[in-house]
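Report on one structure; see the data block that follows.
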Amino acid sequence: MFLKNKFLYIGHYKIKCAIGKMGISKKKIEGDCCTPSGKFNFERLLYRKDRIKNLNVHIPKVQIKKNFGWCDDPTSKKYNELIKLPFNYSAERLFLKKNIYDLILVINYNRKPVIKNKGSAIFLHLANKKYSHTKGCLAVSKKDFLNILPLIKRKTKLII
């Protein structure tokens, strides 16, 4: 799987894809609105069980609960990790009214080891209808996400 010119390619699929507002960067830092370049795996799928049924998935999956968040605060020991809210540091809420986080593939960016300020919460998630820029994630339509999900395995590489 690879990203080129705002399209994601996997198998015979060519998918329109939103990226970070400031484009792609080799030197991603927290809050820069860039999508990091590199070669990554997908760690797991987070999903809203109340909105998404019958998933065909070949990587670990975790149901998003109402108190789930992702720490984006470099001063926290939980930086760039899934956390439970309330939380004493800055974190992005994952259980939202809007649907962009109904399906989230966690991209293994800045995960092992986690380096402070290198960027957090880099996901492949659902795009809004206008494919608006993200804060650094990749975003595709729900239809496209569900079409490619069965093709993604632990060893699938994402090249940005």
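The values are calculated or read from the model by the stated rules, or taken from the named source; none is laboratory data. This structure is a prediction, so every number in the text was calculated from the model and none was measured. In this analysis, Cβ positions are derived from the backbone assuming ideal geometry, glycine residues included, and neighbour counts consider all displayed protein chains. Just the protein is used for accessible areas: all its heavy atoms, side chains included, with ligands, DNA and RNA removed. Shrake-Rupley method; radii C 1.70, N 1.55, O 1.52, S 1.80 Å.
With the structure loaded, tell me whether residue 74 is over 25 Å from residue 143 (Cα atoms), out of contact with any Pro (no Cβ under 6 Å at 6 or more places or on another chain) and free of Cβ contacts under 8 Å to residues at least 12 places away in the same chain or whether it fails that test.
no
Is the range 63-84 home to any residue that is surrounded by 16 or more Cβ atoms within 10 Å (Cβ to Cβ), assigned to a loop (DSSP other than H, G, I, E, B) and of a type in the set (Ser, Thr, Tyr)?
yes
Which of the following residues is touching a helix residue (DSSP H, G or I) at 6+ places or on another chain (Cβ under 6 Å), farther than 20 Å from residue 100 by Cβ and modelled with pLDDT under 95: 56, 5?
56
Restricting the first residue to the range 138-160 and requiring it to be of a type outside the set (D, E, K, R), which pairs with a second residue that is in a strand (DSSP E or B) and loosely packed, with under 12 Cβ neighbours inside 10 Å meet a Cβ separation below 7 Å and a spacing of at least six or different chains?
159/39
Can you give me the number of residues within the range 35-59 that are part of a loop (DSSP other than H, G, I, E, B), on the phi < 0 side of the Ramachandran plot and either surrounded by fewer than 12 Cβ atoms within 10 Å (Cβ to Cβ) or in contact (Cβ under 8 Å) with a residue 40 or more places away in the chain (or both)?
11
If we scan the range 104-126, do we find a residue that is over 16 Å from residue 33 (Cα atoms), touching a His at 6+ places or on another chain (Cβ under 9 Å) and in contact (Cβ under 8 Å) with a residue 12 or more places away in the chain?
Yes.
Of the numbered conditions (1) over 24 Å from residue 49 (Cβ atoms); (2) at pLDDT 95 or above; (3) surrounded by fewer than 19 Cβ atoms within 10 Å (Cβ to Cβ), residue 109 satisfies every one except a single condition; which is it?
(3)
Tell me, yes or no, whether the range 138-151 has at least one residue that is in a loop (DSSP other than H, G, I, E, B) and surrounded by 20 or more Cβ atoms within 10 Å (Cβ to Cβ).
No: zero hits.
Of the residues in the range 121-136, how many are in a loop (DSSP other than H, G, I, E, B) and either within 19 Å of residue 60 (Cβ to Cβ) or open to solvent by 10 Å² or more (accessible area, probe 1.4 Å) (or both)?
Residues flagged as in a loop (DSSP other than H, G, I, E, B) and either within 19 Å of residue 60 (Cβ to Cβ) or open to solvent by 10 Å² or more (accessible area, probe 1.4 Å) (or both) within the range 121-136 amount to 10.
Got a sec? Which of 97, 157 is modelled with pLDDT of 95 or more, open to solvent by 30 Å² or more (accessible area, probe 1.4 Å) and farther than 17 Å from residue 60 by Cα?
So the residue among 97, 157 that is modelled with pLDDT of 95 or more, open to solvent by 30 Å² or more (accessible area, probe 1.4 Å) and farther than 17 Å from residue 60 by Cα is 97.
Residues being over 17 Å from residue 115 (Cα atoms) and polar (S, T, N, Q): count how many of those fall in the range 60-90.
3
Within the range 85-94, track down each residue that is open to solvent by less than 80 Å² (accessible area, probe 1.4 Å) and either assigned to a loop (DSSP other than H, G, I, E, B) or under 22 Å from residue 127 (Cβ atoms) (or both).
Selection gives 85, 87, 90, 92, 94.
One residue is enough: does the range 12-28 have a residue meeting the conditions part of a loop (DSSP other than H, G, I, E, B) and closer than 15 Å to residue 140 by Cβ?
Yes, the range 12-28 has at least one match.
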